[in-house]
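The values are calculated or read from the model by the stated rules, or taken from the named source; none is laboratory data. All figures in this text were calculated on a predicted structure; none of them were measured in a lab. Counting neighbours? That spans all protein chains shown, and the Cβs are built from the backbone with ideal geometry, glycine included.
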Amino acid sequence: MPSIVIPAHNEERTLGRLLDRLLDGAGEGEFDILVVANGCTDGTAAVATARGPGVRVVETPVPSKHEALRLGDRHAEGFPRVYVDADVELGAADVRALTAALSGPGAVLAAAPERELPMTGCSWRVRAYYRVWQRLPAVREGLFGRGVIAMTGEGHARIAALPPLMADDLAASLAFAPAERAVVPAARVVVRPPRTWPDLIRRRVRAATSTAQLEERQRESVESPTPAAIAAAPTTPAPPPTARTGLGDLRALLRAEPTLLPAMLVFLSAALTARRGARKAIRARDFDTWLRDESSRQE
């Protein structure tokens, strides 16, 4: 039986719509759905409990997604295992499509759905930013930024060894080679983008900060490898994988779609603003402050 682990911190406004979609169309006992309410001061746990016996609830006073995921793993009953953010929308059919990609011929270790980004109510600069962002090769091909990742037992063993990181979905995506992961067209997730420019910048500052933390950990592993890593590594270790966007990627987009130029300027403005905003946190090594976007949680 597939287990669906949902870490939720103060998500009473969004959790219900996710659970309703998962339960609608699911067979009795088809999924093991587990909500881990972590550090909540609202009715998140009550929202989950109200959905009946099809949803199990675990509570912890610690407001940490990483710890919530680990706690969820301790209580989850099966594989494949699907990790789902509480503020996205995913249906039972989408879970089936994801788990199907993890078994049989051509199976991969990890899979994620195609993303839908509804832009209704978003400012023009937010819409312009995402016109570019959605076209980036790393964004199209990676498993991050979707709020959902499914994996086999073997895949889970690989990410279970990762240290606590803000960019948990990016780290999980980079843990798998392209041939080991897949974006599944038959599965779709609704990811609500920020509606305002300040909320977008908050998200991008968080992304820039968490990417810096991930890259620091990657450098440490290269500079001070464990004995096991030394034994397994080639003479010249390969550079660590990255999902950073380079100027070459942006130039290629503009050559293919010259009409993207105005949106590209907005994209670059957001990237530079976020980079400046992240400097203070990076210098202070503050990789715990979670800059949350509330506008995407509005009805």
task: All but one of (1) at pLDDT 95 or above; (2) under 13 Å from the mean Cα position of the chain (by Cα) hold for residue 139, so report the exception by its number.
output: (1)
- prompt: residue 262 fails exactly one of the following numbered conditions: (1) surrounded by 14 or more Cβ atoms within 10 Å (Cβ to Cβ); (2) in contact with a helix residue (DSSP H, G or I) (Cβ under 8 Å, 6 or more places away or on another chain); (3) at pLDDT 80 or above. What is the number of that condition?
  reply: (1)
message: Return the pair list, or none, for Cβ contacts closer than 9 Å from residues in segment 247-263 that are touching a residue at least 60 places away in the same chain (Cβ under 8 Å) to residues that are assigned to a helix (DSSP H, G or I) and charged (D, E, K, R), at least 6 apart or on different chains.
response: 260/131; 263/127; 263/131
task: Report whether or not residue 233 is at pLDDT below 60 and surrounded by 12 or more Cβ atoms within 10 Å (Cβ to Cβ).
output: yes
message: I'd like the full set of residues that are free of Cβ contacts under 8 Å to residues at least 12 places away in the same chain and either small (Gly, Ala, Ser) or in a helix (DSSP H, G or I) (or both), limited to segment 104-126.
response: 104, 106, 124
- request: Can you run down the residue pairs with Cβ atoms below 8 Å, 6 or more apart or on separate chains, where the first is in segment 173-184 and farther than 11 Å from residue 111 by Cβ and the partner is part of a helix (DSSP H, G or I) and acidic (Asp, Glu)?
  value: 178/141
message: All but one of (1) surrounded by 24 or more Cβ atoms within 10 Å (Cβ to Cβ); (2) touching a Lys or Arg at 6+ places or on another chain (Cβ under 9 Å); (3) of a type outside the set (A, V, I, L, M) hold for residue 32; state the number of the condition that does not hold.
response: (1)
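Residue-by-condition table, conditions (1) among the basic types (Lys, Arg); (2) within 26 Å of residue 260 (Cβ to Cβ):
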| position | (1), (2) |
| --- | --- |
| 56 | yes, no |
| 65 | yes, no |
| 69 | no, no |
| 76 | no, no |
| 112 | no, yes |
- request: Starting from segment 50-61, take each residue that is in contact (Cβ under 8 Å) with a residue 24 or more places away in the chain and over 12 Å from residue 29 (Cα atoms) and list its partners that are buried (at least 17 other Cβ atoms within 10 Å of the Cβ) and of a type in the set (Asp, Glu), counting only C-beta distances under 7 angstrom and pairs at least six apart or across chains.
  value: none
